[in-house]
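The values are calculated or read from the model by the stated rules, or taken from the named source; none is laboratory data. Since the model is a prediction, treat every value here as computed from it, not as a measurement. We place every Cβ from the backbone using ideal geometry, glycine too, and count neighbours over all the protein chains shown.
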Amino acid sequence: MRIFVIDDHPLMREAVVMLIRRLHSKASVIELDRLAAIGAATEQHGIPDFVCLDLKLPDTHGVSGVRELRQQFPEVPIVVLSAAPAQDYQELSLEAGADNYIEKSAGATEISRVLKTFLDDGPDSESGIEPEKLSKRQKQLLVMLDKGMSNRDIAAELQISEHTVKVHLWRLFRRLNVKSRSQASHLARTQGLL
């Protein structure tokens, strides 16, 4: 597994790298201090399997880095690890294409827990999906799907665009390893995710 950690603060970047190596000892971790370095890193190491991104980099503004990475790597999970409070940037980051948002102040245990969900190899084990592996938004979506709500209804309820709903559903289906709304609902009911 190839992981890019992009953070311009050396101490924080090293701490994240240590956490990742503890969670996935065989991972190849590439450290970058700015988004502009992604091209050379991709050429040298290949496309990342996972990206851990700080929002405040010398060459990004707000969630521009998330948007740029999502355009370059549409299938690659992106976790934002930021000093900014979640209330300021979490929703914006998710709408821009991030798969999760963690505040740096969350601490090593919480950061490890979230990163672990992205670093696990392959689909979830036969014991099923663990509810804590789903984000708050993914749990909301499962409830709404179970109610039979359309993308338009979900968008209105969550006050986000229909496009953002489609992105969230795509990620949810990928996480659950299903292909449709009905499969997601069925799995949620049988695995006790609702």
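Look at ALA41 and say whether it is surrounded by fewer than 21 Cβ atoms within 10 Å (Cβ to Cβ), at pLDDT 90 or above and of a type in the set (A, V, I, L, M). Spelling it out, ALA41 is indeed surrounded by fewer than 21 Cβ atoms within 10 Å (Cβ to Cβ), at pLDDT 90 or above and of a type in the set (A, V, I, L, M).
Any residue in region 166-185 that is part of a helix (DSSP H, G or I) and hydroxyl-bearing (Ser, Thr, Tyr)? Yes, the conditions are met somewhere in region 166-185.
Of all positions in region 105-126, at least one carries a residue that is more than 19 Å from the chain's Cα centre (by Cα) and at pLDDT below 85. Figure legend. Inter-residue proximity from region 157-175: first residues assigned by TED's automatic domain parsing to the domain that holds HIS186 and buried (at least 17 other Cβ atoms within 10 Å of the Cβ), second residues polar (S, T, N, Q) and assigned to a helix (DSSP H, G or I), beta-carbon distance below 6 Å, spacing 6+ or different chains. Indicated pairs: VAL165/ASN151; LEU172/GLN138. Number of residues in region 43-64 that are in contact with a Ser or Thr (Cβ under 8 Å, 6 or more places away or on another chain) and among the charged types (D, E, K, R) equals 2. Please enumerate the residues belonging to region 82-120 that are in a loop (DSSP other than H, G, I, E, B) and surrounded by 15 or more Cβ atoms within 10 Å (Cβ to Cβ). Those that are in a loop (DSSP other than H, G, I, E, B) and surrounded by 15 or more Cβ atoms within 10 Å (Cβ to Cβ): ALA84, GLY97, ALA98, ASP99. Does LEU145 fit the bill of being within 18 Å of ALA96 (Cα to Cα), out of contact with any Pro (no Cβ under 9 Å at 6 or more places or on another chain) and either assigned to a helix (DSSP H, G or I) or of a type outside the set (A, V, I, L, M, F, W, C) (or both)? The answer is no for LEU145.
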